[in-house]
Each structure stands twice: as structure tokens, then as C-alpha cells.
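Working notes, beginning with the structure itself.
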Amino acid sequence: MDQKNFIIAIVLSVLIIVGWQYAFPPAKSPVTNTQQTTAATTQPGSPQAPAQAPGQAPGTQGTVQPGAPAAQPVQVMSRTDALAQSPRVTFDTPELVGSIALKGGRIDDVRLVKYRETVDPKSPPVPVLSPVGSEHPYYAEFGWSAADPSTKVPGPDTLWTASATTVAPGKPVRLTWDNGQGLIFALDVSLDDYFMFDVKQSVENKTDKPVTVYPWSLIVRYGEPKAEGIYILHEGPYGVFNNSYKEFSYSDFKDNKSQKIATTGGWVGMTDKYWMATLIPEQQQKVDVSIKQTGAGPDLKYQIDYVAPGQAVAPGATATTDAKLFAGAKIVRVISDYEQKYGIEKFNLTIDWGWFWFFTKPLFWLLEWLFVHIGNFGIAILVLTVIVKAVFFPLANKSYAAMSKMKALQPEMEKLKERYGEDRQRMNQELMQLYRREKVNPAAGCLPIVVQIPVFFALYKVLYTSIEMRHQPFFGWIKDLSAPDPLTILTGFGLFDWQVPQFLHFFNIGIWPLIMGVTMYLQQKLNPAPTDPVQARVFQFLPILFTFMLAPFAAGLVIYWAWSNTLSIAQQYTIMRRHGAPIGGKAAPKPAKPAVAAAGPAPAPPADGGGKKGGKAKKR
């Protein structure tokens, strides 16, 4: 057993994980067509569902639905011009800057103060939500449907009246609209110090008759979102429904399909790699969730929404329901605080921890702790790698020791191969006797490595998905550990400033991927080459293959891999020297003991190249 065991184990693990991902995707409820309907959710004793749902022909029965999204103008305008299409209530906190459109009452302008579009601190803040009229509108809206179709309810063009021009933590704003029929609709919007909006929807009935309304909340996103498309990271609609976590891809809703789920509490949202917009109903409330895609071309949009139970508002009374919107960065400690503070069901699953979450979470917390105390995320990665290596040192030591014993036996194994090469059964018998005589377990070198593979993937997951690594510098030319190495071969390692064509990106290898490839090559050189020439050529090619494969990966991942290889080289070299194993095909100066005890003094080799073993001459 030599280093090929490690490589084979890694490759097989990747194949197993990828195969499992496609063979056993996450459980999903059946996707239904948007024209299918279900009975509306109503409270005991409340009237039946409205005779006409918004957008349906009069006289037809259907599910209560939110109002139609705002129409996207044919002419796409700049963000500044799109924001100017409506009077606004602004906000500016340590984490968020943006505004709420009074036209439609939409939360459609949310930008992250501490996260920029590029590593340049003067670049624009990252937009999470964007207004109608901009290139990719993405917004949240809160409203009502009415049981009586003649009741006027706010729509996408409704102009709300604001109680103040700004909203801030501890200073909510009240938006009101009078439908002219005796109903006063209100949205009380508050914002905390981070990314959570609280929206209280209320209806005051000043008529002499009871009115039934159905509060709803929605998020609309225009256009096909750009996703990284890697299997270890979910991007798209997802949520927790009846205490069960579900993921959906955007392709699930092609051709105007929809997904309808009745749930009590939980949450539903759309996520990118680092940001998300998520709706959170009252956790004890039963709601009907809908996820769908509508339109085509420039009018293509994805919508997630939920409808709360109908509220019968008596004359002179006011009915209120509460909704929350998270629009911001997926910072672990912030998400965890919200889960505990508001009792949001499994809100921590908004961050994709992966299958090995029981490894991923502790590794993340340790990495963040190191970063806080060290101040450099790259150094924190190096220290974390040392800690992981130290924890697994007993296993690695056992693995390398077993491999070293196997290497020490390699000359004897070659002799057996030459002697019994044509008789496989006899050769295997002799090999087993050799292993028993030397007390060597050929599987001992593989098992400890296999045990470490889940931790390897968990650490890979942490480094790939962690927003804490985004735009963090290392040393020298690495200004962003979450981006690929910028100094590449095709740019003359920074000498030429030109845009490398997409078809050449595979060959655009940076300095750190080259360092990683060299460390992998040196690690291989510690082991004798396989006796099979074809196998030897394949393993010689692996460092080159991995160099090309890892070139587009985040620099932080490549630095981790290169550093891990370097530590493994030092560890393996020390153990091999201690056991007298061949290093790079040559025996160590002072072997621990001969591989096989000879029956007597070994005679000098005869001139014909033959040798003796066990007192008998070996013929060639």
C-alpha cells in the first residue's frame, strides 16, 4: 500500500458523493402545474374561500393567491433611475443601506454596507434586493386578498402614505392606505441592527359589515439567477415546511410549473452562495406556501409566497398579522441568533452545512475563532490545517507506518512476483505468508485515510461556502481568498493585463495551483513508483491533472491543499525514515530490520545475476 491508496480513496469518495447526489436527490413534494388549485386555508368558523381569486374569471372558484407582481418596464434603466420611479422611505444602518418604495409598498432596495462587489473598498455595496425597472428586479411585498372580489385591496401600483421619511432600528415607519370603502390598510415596518425586517400587516374596518381578508407575503425575482452550479452548494428556492427541510432548483419550475405546500411555521426563501431573501411567517400559524415560475424571456420571474388564514374583521375592529423578511448576508452567528431569538424552525439550515454537518460546524467555529484572534484568514486556515493534522496524527502515523512496512517488503514482493508470476494462486499464498511472518496488514494503510475523508470534505465545504472568507486577503498577490489566484500563466503572472478568453480558462493556471501541484509531486516521490509501467505513468500524471482541476478554485482552498501536502510530506518522510522504508525508490541508510530473516549468511550474488534466499539458489 502506498500513496495511491490515498488518491484512490479520494477519487472513489468523490464518485460516491456525486453518484449519491444524482441517484438520491433530496425528497421533494410533487411539482404541480400552476393551474391546479387547492382549498383555501381558513380558520374555524370563517367564511369559505373567496368566490374569485385575483386574476381569475368571475364566478370561478380558486385558491387565495397574492396579487400579481409589478410589471417590469420594457426599457431597463439604471438602478438610480429605477429608484426614482417612486417616492421612498430610506434606511441606513451599520449593515444595510437602501429604501422602501411607497408605490406598491415594496422592500426593493437593500444593499450590504460591509460587503462590496469587488475587493476595492470604494466599489458599490452588494445589492440583495433591487427595484422594478433595474436589470434584475428582486423584491419583497406584503398585502391582502379579499373574500369579496368587490373589496378594494392594495396592489402593485398603490401609493402608500408614510409616517416618516426614514426607518431605523428602534424607529419603525407606518405605511397606510385608505381603500375609500371604509377599510384602512397599514404596514408597520421595523428594521433591526442586521438583516431582519419585521412587517405587521393590519386592517381596520370602519364599515358596518364584517370583512374577510387573507394576508400574504411574497418575494419576486426576475430573470434566471446566475448560480455556480456545483453540487456541494445549494442555490435556489428552499425552506423548512412542517419541520422538514426541502431544496428546489430553478429548473424544477420550468414551463410555468409550481410547488404548493401547506405548513405550520417554518420559512421559505431564495438563496445565492452568500446572500438570501427569506420570508418567515408566525411560527404557530398555518400558511399555504407557493413556489412558481411565470412568464418567459425578459418577463421570466420566480415567485415564492405564502397566504395566511383568512381574518374576519368585525365592524370597528382591527385585524393584525406579523411577517418577517430576512434580506442580507448568511453570517452564521447572526443566523443562529435569529433562530434562538424568534424561535424560527431550523433557521440554521439556511446555511448549507452539507452531509457532514457534524464535522463542518465545529470546523467552522474553530476557523472563525482562529480568524478573530489571528486577524488573517489565510493564517487561520494554515493553523486550522495543523490542528486537524495533529488530531489525526495517531491515525496518520498508523497509516504511514503500515505503508512503510509494505515498502520495506517491496523487494521481497518483487522476488515473489518473478518466481510465481505465472501462478497467481501460489503467489498470493506466498504473499500472505510473508505478511503473517512480518506482521504486516496490507489494509492498515488504507483504513485510517478513509476515516479522514469526511473531515477533508467538511473542511472543503467550510472554505468553499463561508462568507467569512470572501474578500479576505492573504499575503502578496492574494487579495481575495475566495477568488482564484489572479497571477496566472496566460497573463504572464501579472505582466500582461488582458481578458483571457473563456475557452482558454482551463489552461490559465495560477501560482498557488502550481505550488500545490509541486507539493503533490514531491509527496508522490516519497514512494517507490508502481511496478506496472502503465500505472506508474498514470500516477505521474495525477499532480498535473489536479493542478488543472484546482486552478479555478478559490485561492484559500488551494493554499489549504498545498499546505496540507507540505505537512504530509514532512510527516511521511519522518515516519518512513524511522521504519527504514525506501524513500523515492531508495532504501533508507539504516533500515529498522531486514524484510525477511535469512536462513544463514547471504552469499555474494553469482555472476549470472541470480541470488539466494532461504539457502536455495534462485534461477533466472
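The table for this structure:
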{"quantity": "Sequence ranges 466-472, 562-568, 253-259, ranked by mean other-Cβ count within 10 angstrom, highest first", "calculated": "466-472, 562-568, 253-259"}
{"quantity": "Sequence of ARG79, ARG221, ARG174 when ordered by accessible area, the most exposed leading, probe 1.4 angstrom", "calculated": "ARG174, ARG79, ARG221"}
{"quantity": "Three-way shape label, the stretch 468-525, alpha-carbon gyration tensor, a/c 1.5", "calculated": "oblate"}
{"quantity": "Highest to lowest packing among 114-124, 209-219, 316-326, scored as the average C-beta count within 10 Å", "calculated": "209-219, 316-326, 114-124"}
{"quantity": "Simple spin-label estimate for MET549 and VAL76 in nanometres, 7 Å along Cα-Cβ", "calculated": "3.6"}
{"quantity": "Accessible-area value, LEU187, 1.4 Å probe, nucleic acids and ligands omitted, Å²", "calculated": "0"}
{"quantity": "Peptides ranked, highest mean first, by Cβ atoms within 10 Å: ranges 495-503, 188-196", "calculated": "188-196, 495-503"}
{"quantity": "Shape of the stretch 219-378, Cα gyration tensor, a/c cut at 1.5", "calculated": "oblate"}
{"quantity": "Net charge of neighbours whose Cβ lies under 12 Å from the Cβ of PRO309, counting Lys and Arg as +1 and Asp and Glu as -1", "calculated": "-1"}
{"quantity": "Extension gain from TYR342 to ARG578, taking 0.36 nm per residue of separation minus the Cα-Cα distance", "calculated": "79.2 nm"}
{"quantity": "Amide H within-cut-off set for LYS257, under 5 Å, with H built and near neighbours excluded", "calculated": "GLN293"}
{"quantity": "Pairwise FRET efficiency - GLN429 versus ILE230, Cβ, R0 = 45 Å, nearest 0.05", "calculated": "0.40"}
{"quantity": "Stretch gain in nm, segment LEU300-LYS439, where the contour uses 0.36 nm per residue and the Cα spacing is subtracted", "calculated": "43.3 nm"}
{"quantity": "Placed amide H near ALA262: partners under 5 Å, 5+ positions off or other chain", "calculated": "VAL289"}
{"quantity": "Under-5 Å amide H pairs with GLU117, H placed in peptide plane, nonlocal only", "calculated": "VAL126"}
{"quantity": "Cβ-Cβ FRET estimate between ASP193 and PHE503, R0 fixed at 45 Å, reported to 0.05", "calculated": "0.45"}
{"quantity": "Förster radius 30 Å - calculated FRET efficiency between PHE496 and LEU395 (Cβ-Cβ, nearest 0.05)", "calculated": "0.05"}
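The values are calculated or read from the model by the stated rules, or taken from the named source; none is laboratory data. This structure is a prediction, so every number in the text was calculated from the model and none was measured. A quick note on method: Cβ atoms are made from the backbone with ideal geometry, for glycine too, and the neighbour counts reach across all protein chains shown. Keep in mind that these areas ignore ligands, DNA and RNA; they rest on the heavy atoms of the full protein, side chains included. Shrake-Rupley method; radii C 1.70, N 1.55, O 1.52, S 1.80 Å.
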